[in-house]
Amino acid sequence: MDAHHHPQQHVFIPSDEPLDHRAVALHFSWFLDKNTLLACLRVSRSWFAALEPCLWHSFTLLRDLPSPTLPQQPFQGVQRQQERTTLHPRRYPTPGSIQRNARHIARLRYFGELPFLKALVPHLNQLRYLEVTRYTEEVKQLLQQNATTLHTLILKGDPLIPGDTILVDRIWHHLLDCSALRVVELNSAIVSDYEGTKFGKVCHKLTSLSLIDSKFLERPKSDDEFLHLHTLVLERSYLPTEDQPPLFELCPVLENFTWRSRSGKLSIFKFLIFLNAGRGEALSGLDLSGSQIVDSDLASIIRLLPGLTRLRACNSLFGPEATRVVVEVRQHQIQELVLLECPGFGPMEAQIVLTACSRLQVFSAPVVNAMHMAELAVLTNLRVLRLGEVTDMEEGPFLLDLKVHSGLGLLSTLGRLEVLDCEKLKPVMEFSDLQWVVRTWRSLKTLVGSVHPNFEQRDLSNEFLASQLPGLETYLTQAERSLALAAR
Amino acid sequence: MTVILVSSDNQDFKVDKEVAERSILIKNMLEDVGESDSPIPLPNVTAAVLTKVIEYCEHHRNDPVQVPEETDDPRKRSNDIEEWDMKFMQVDHEIILAANYLDIKPLLDVGCKTVANIIKGKTPEEIRKAFNIVNDFTPEEEAQIKKENEWAEDR
């Protein structure tokens, strides 16, 4: 090692800022569960000072805070919520704590009309992420106070009030002032027919736009293309008639496109023209679920997407033609394939995909079942495995077992498996099989379905699995899991 | 091509450019400055820590570069630490601080995950024992912190 250098030489110092303990403390806190973080606060004064702000980084205020003494009650309206607030003040932070810490909140999820919100809002000027269910006037104030920092905005109508919608027109000019805004998601929103220009101006700075269960009487108006928009989600949203150019035509750098529209079919013809003009080169994730696209159109689309790695086409006619294109030209790149309720995707198609697509991390097709163990075993990148029903009953009940000695052992190659969904398979797994699971699938985080028909046995099995695999979550059905994820 | 990194205690380290560029801080600087033989001073990193950081970067020189995430606060998992990394990380908070300063996210993650794994599920007293920390709270103060933050508990 050379010990001398020349002091006169002009040197460039990468950064002379002091070490950022605060940023490191925050990063570190993201690896801890809440209760461990709370324990850390009590370790010493310096730990408290470093980590208390981290506790407030992400703040959630939803209406149904569980009460430790009252039994769980369904939502009864705002008044009952207010009652609950005054009866159990310790479920909310103290005013002193808010004074000290609310300014650290960078991510806020809240349900509007909660009285507690008013105490919080004046302190919030560092927000990067804001998710609001049930629009109230506080939203405008928050947009103004956080105009330079807000990156992500999610607005939702109240799901318990049918027809509760957000009239986005109230806030367009606030959104225009939010210089850092890049991600917008609107649920149950209405955009009226004279705000297209402002809508367009907002879209120009966005990288991601999601319009869900919403009604747009006018599309975002723009002469220029949206040069930053790489994610576009249109789910069950009503868009005006087809004489205006479809939204995707304004998005030349689209990487992720979801079209799940209830009203009006995706103009496949226009989409194919768009792709044929080479505009789909950046597209890597495509979700056309529920669009009832036919097999040959899917085949054409896949062929025109050189960067495709993730494809969801549930409830479509994905079949032999699309399968052939996938294994011919996309087999080395396709990582996610979700084909639920595709009557045209049968066991033969599944077999072909399993043999050809070695990079698959997520493969969900009900037809994939315990008969395909040997083929599944080569998909060493698989993170999500869904096993469907066994329909070929000639093979007998043995295939209903998910046992090490009857095929499960072949899946010891799936070292990265995170999600196992055997809801449809309804297997019987004995203790030795569970022991195999905890030894082999160390990354397993989620189990959907029951591993034993007897419910007591199932509960004991889940307990055992959870004790051996830290962080494992178990759900009886996929629906239960979706609800749990939505509540987070 | 090599670069020379200089620790805060004036020790020079000759490192391949490819290895040094695992630090995004250094990578960006080299892009701005262009071809230059000037040594790069790192006033916040001692020789002892820099040795370990360079060792980590050498081992991981062929790893794919991590794409920066647009949104923060992703869900983090604590389980998937490479075996080599586990042996490498003797819990040294200075390495974690250096990794943050030099913008080497994978090393920052490994360091944080290692410490997180040690303290997961522990009581404050058990954490103090693990790191030899003196408790400078009175029992009343500790109880007050617990009470004041009950709202945050996972039930």
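The values are calculated or read from the model by the stated rules, or taken from the named source; none is laboratory data. The structure presented is a predicted model; accordingly, all values stated were derived computationally and were not measured. Note: ideal-geometry Cβ built from the backbone for every residue, glycine included; neighbour counts use all protein chains shown. Ligands, DNA and RNA are excluded from the accessible area calculation, which covers all protein heavy atoms including side chains. Shrake-Rupley method; radii C 1.70, N 1.55, O 1.52, S 1.80 Å.
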Exercise for review: Can you tell me which residue among A:SER450, A:SER443 is among the small types (Gly, Ala, Ser), touching a Lys or Arg at 6+ places or on another chain (Cβ under 6 Å) and modelled with pLDDT of 90 or more?
Suggested key: A:SER443
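Quick grid of which residues meet (1) open to solvent by 60 Å² or more (accessible area, probe 1.4 Å); (2) in a loop (DSSP other than H, G, I, E, B); (3) modelled with pLDDT of 85 or more:
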{"residue": "B:ASN62", "(1), (2), (3)": "yes, yes, no"}
{"residue": "B:ARG77", "(1), (2), (3)": "yes, yes, no"}
{"residue": "B:ASP85", "(1), (2), (3)": "no, no, no"}
{"residue": "B:GLU142", "(1), (2), (3)": "no, no, yes"}
Study note, to complete from the structure: Residues in region A:97-110 that are within 20 Å of A:HIS174 (Cα to Cα) and open to solvent by less than 30 Å² (accessible area, probe 1.4 Å) total 3
Exercise for review: Would you mind finding the one in A:PHE75, A:PHE12 that is in contact with a Ser or Thr (Cβ under 7 Å, 6 or more places away or on another chain), at pLDDT below 70 and either open to solvent by 70 Å² or more (accessible area, probe 1.4 Å) or more than 10 Å from chain B (Cβ to nearest Cβ) (or both)?
Suggested key: A:PHE12
Check your understanding: Out of all the residues in region A:143-166, is one or more modelled with pLDDT of 85 or more, open to solvent by 30 Å² or more (accessible area, probe 1.4 Å), part of a helix (DSSP H, G or I) and not hydroxyl-bearing (Ser, Thr, Tyr)?
Key -> yes
Exercise for review: Go through region A:412-449 and give me each residue that's basic (Lys, Arg) and in a helix (DSSP H, G or I).
Suggested key: A:ARG439
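Residue by residue, here is whether (1) open to solvent by less than 10 Å² (accessible area, probe 1.4 Å); (2) at pLDDT below 90; (3) at positive phi; (4) touching a Gly at 6+ places or on another chain (Cβ under 7 Å) holds:
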| residue | (1), (2), (3), (4) |
| --- | --- |
| A:ILE334 | yes, no, no, no |
| A:MET348 | no, yes, no, no |
| A:GLN351 | no, yes, no, no |
| A:LEU354 | yes, yes, no, no |
| A:PRO366 | no, yes, no, yes |
| A:ALA377 | no, yes, no, no |
| A:LEU387 | yes, yes, no, no |
| A:GLY396 | no, yes, yes, no |
Review point. If we scan region A:409-419, do we find a residue that is of a type in the set (Ser, Thr, Tyr), in contact with a helix residue (DSSP H, G or I) (Cβ under 8 Å, 6 or more places away or on another chain), within 14 Å of chain B (Cβ to nearest Cβ) and closer than 25 Å to A:SER358 by Cβ?
Key: no
Review point. On the given criteria, is A:GLU423 without any contact (Cβ under 8 Å) to a residue 60 or more places away in the chain, within 14 Å of chain B (Cβ to nearest Cβ), open to solvent by 40 Å² or more (accessible area, probe 1.4 Å) and not hydrophobic (A, V, I, L, M, F, W, C)?
Key: no
Revision key, fill the gap. Of (1) open to solvent by 70 Å² or more (accessible area, probe 1.4 Å); (2) more than 11 Å from chain A (Cβ to nearest Cβ); (3) at pLDDT 90 or above, B:ILE54 satisfies every one except (1)
